[in-house]
1. Which sequence of Asp65, Asp60 reflects their accessible areas, 1.4 Å probe, from the largest down?
2. Compute a Gaussian network model of the chain, connecting alpha carbons closer than 10 Å, and tell me which residue from Val83, Val56, Val109 fluctuates the most.
3. Stick to Cα atoms and the Kirkwood definition of Rh, then tell me Rg/Rh for region 66-117.
4. Using alpha carbons only, how many angstrom separate the centre of region 226-301 from the centre of region 150-166?
5. Could you tell me the convex hull volume per residue, in Å³, taken over the Cα atoms of the chain?
6. Hey, rough spin-label estimate for Lys282 and Arg207, points 7 angstrom out along Cα→Cβ, what's it come to in nanometres?
7. Whenever you get a sec, line up Ile143, Ile304 from highest to lowest accessible area (probe 1.4 Å, protein heavy atoms).
8. Please list the radius of gyration and Dmax for region 49-148, considering alpha-carbon atoms only, with Å as the unit.
Amino acid sequence: RKGIVVITGASSGLGLATAKALAETGKWHVIMGCRDFLKAERAAKAAGIAKENYTVMHLDLASLDSVRQFVDNFKRSGSPLDVLVCNAAVYLPTAKEPTFTAEGFELSVGTNHLGHFLLARLMLDELKQSDFPSKRLIIVGSITGNTNTLAGNVPPKANLGDLRGLAGGLNGLNSSAMIDGGEFDGAKAYKDSKVCNMLTMQEFHRRYHEETGITFASLYPGCIATTGLFREHIPLFRLLFPPFQKYITKGYVSEEEAGSRLAQVVSEPSLTKSGVYWSWNKNSASFENQLSQEASDEAKARKIWELSEKLVGLA
Ligand code: NDP
């Protein structure tokens, strides 16, 4: 049978390119978990993904009810789950004030981390039950959360501090909207959410890899300077960022190349090692990359796991 992969945020950018790359092999059926049904259908069509190779299912990660509904719908469909890719994200670098999810969590961490945390936890049983030769849970990370890199050192830097904002519910009322309890900064909130993504992947690995055989992985696909992620940025930035990445930092990758990288992490028989953060060198060869100190802090990973469980109603 074909492999069944769920990709969140597959209506544009990296998620769409990955869906296309996997569908084209003829070996995968892609379930596109998207908040805008029509946009996702149109995107799949425009990308030329054959009808029999994808299904769009509604999923709004900024609402925990929607996440639970998605999981119920998926279970009811009777389909097995072989690979789950947590890819969707929002980035609000110019926001002056925080905005919030349905449950009142700051939107970037609420969507990118908490929504995916609940989804991954609830789908773990489905993954466990799959009879596929290589079951995987992949959470897309980013270089920007890694302060051991040049890109990760562009201010404002990721910093989760002592997690007091997260512990307080990230609601901007009786707690800060930022994980570290500081003043709201949209660019930092995104980077913090990516650190949470990378820590969550490692915590999953420590808790579940041995028992389940599931491969847990994260990756930095390269700088895909053309995606919708930068849609909230000022026009001058959107104009200059792609050529800057292409010619100055040389970190630029096309959506197609980034999609083929994530597709490798989904399907390559050689990439089954668990607990790994994958990156690609200049020749587009994959390698196991090092994470920054904070993004590999075991005690913090455990604390984020426990606090997140409370916030999403699992504990
Ligand atoms: P895009 O903005 O193109 O794609 C993001 C996707 O997430 C869209 O499909 C969007 O849906 C979806 N999404 C946003 N909010 C929600 C929500 N509440 N519920 C469901 N889906 C949602 O950005 P990219 O493709 O660049 O980003 C994909 C991943 O790649 C992210 O995890 C990002 O952090 C990561 N990444 C990107 C890099 C880059 O340079 N672009 C570099 C490193 C990592 P909709 O179409 O409806 O808006």
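1. Descending order: Asp65, Asp60.
2. Val56
3. On the way: Rg = 13.9 Å, Rh = 12.8 Å.
A ratio of 1.09.
4. 18 Å
5. Considering the Cα atoms of the chain, their hull volume per residue is 125 Å³.
6. Placing both labels 7 Å beyond Cα along the Cβ direction yields 4.1 nm.
7. These residues rank, largest area first, as Ile143, Ile304.
8. When restricted to the Cα atoms of region 49-148, Rg and Dmax are 15.3, 48 Å.
The values are calculated or read from the model by the stated rules, or taken from the named source; none is laboratory data. A quick note: this is a predicted structure, and the numbers were derived from the prediction, not measured. Cβ sites come from the backbone with ideal geometry, for glycine too, and all protein chains shown count toward neighbours. To get the accessible areas, we keep the full protein, side chains included, count just its heavy atoms, and leave off ligands, DNA and RNA. Shrake-Rupley method; radii C 1.70, N 1.55, O 1.52, S 1.80 Å.
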